[in-house]
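As structure tokens, the structure follows; a few thoughts come after it.
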Amino acid sequence: MSNEQKHLKHKDESELRALLQREFPPLLSTELPRDLWPQMLLRLDAQPLRVPWFDWALAAAVAAILLLFPNAIPALLYQL
Amino acid sequence: MELLERFVAGDLEAFEALFRQHQSEVYRWTVRIVRDTGAAEDLTVETFWRIYRARERFDPAAGSFRAWARRIATNAALDHLRHARKETELSEDYPATPRGDPAVGREVRRQLRRAFLELPAKYRLVATLALIEGEPYDQIAEAAGISVALVKVRVFRAVRMLRKKLGSFGLEATAK
């Protein structure tokens, strides 16, 4: 890139920077108006119930055993 | 056990302590990107929600919580810019500075605003932080998870896109 091209690129950027900053003032000193922890708690409470994968695997294994060995059902019920 | 280690282990009190320590900073960073106070509050909560869900992936020894939170906040803000409708992006929370230059007409300003809001989200993100907020390129790169060179490329392309759009409107972007 020649010096002239660099100069034009820099000038282009500076002009747009000035225009943009006039239209969208920088927000360096914006402060949080309130504590957001209550909202965070609501978000945490609203999380869907997630069943761990190993629980699903265990349920599938029990179902498969009962399907393959129906005679085991009374023994299982007795244990419960 | 240290606060960060307790947080990684799923201790809610540790998470609350981190939330209270960092919520203001995450909010300040986010509002500078999305320029909408309501959206920035929602995105701050969204950021910490993502942080909480990803806590097991955080390694206290590898990096700072602040930098990690800022990276996640940047991604959340970027998602917001991608999905927010154009109409709702024209927030009046921060109107233009009243000391307007008469040389910059209302039409130029309107077209500039429209052209800026029409930038693809990833360009708008770096253009907002670099050109409007004056954030150093290395800070933008770290927050966006890209190289400094790529930040420079995106700023350059954003300037070119804005210049082209303003040109197509038959307007000259002059700041005289």
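Annotations for the structure displayed:
- Scanning region B:140-164 for residues that are touching a Phe, Trp or Tyr at 6+ places or on another chain (Cβ under 9 Å) and surrounded by 15 or more Cβ atoms within 10 Å (Cβ to Cβ) yields B:ALA143, B:VAL151, B:LYS152, B:ARG154, B:VAL155, B:ARG157, B:ALA158, B:MET161, B:LEU162.
- Helices (runs of 4 or more DSSP H) fully within region B:88-176 counting 1 or more residues that are modelled with pLDDT under 85 and farther than 20 Å from B:ALA67 by Cα: B:106-117, B:148-168
- Taken over region B:59-87, residues that are farther than 21 Å from B:ALA121 by Cβ and buried (at least 17 other Cβ atoms within 10 Å of the Cβ) amount to 1.
- Residues being within 29 Å of B:GLU13 (Cα to Cα), of a type outside the set (A, V, I, L, M) and in a helix (DSSP H, G or I) - total across region A:20-65: 8
- Residue count for region B:120-161 satisfying the condition of being under 18 Å from B:VAL34 (Cα atoms), more than 13 Å from the chain's Cα centre (by Cα) and within 11 Å of chain A (Cβ to nearest Cβ): 2.
- Residue in region B:39-59 that is more than 7 Å from chain A (Cβ to nearest Cβ) and more than 17 Å from B:ILE72 (Cα to Cα) present: no
The values are calculated or read from the model by the stated rules, or taken from the named source; none is laboratory data. Since this is a predicted model, take the numbers as computed values, not measurements. Neighbour counts run over all protein chains shown; Cβ positions are idealised from the backbone, glycine included.
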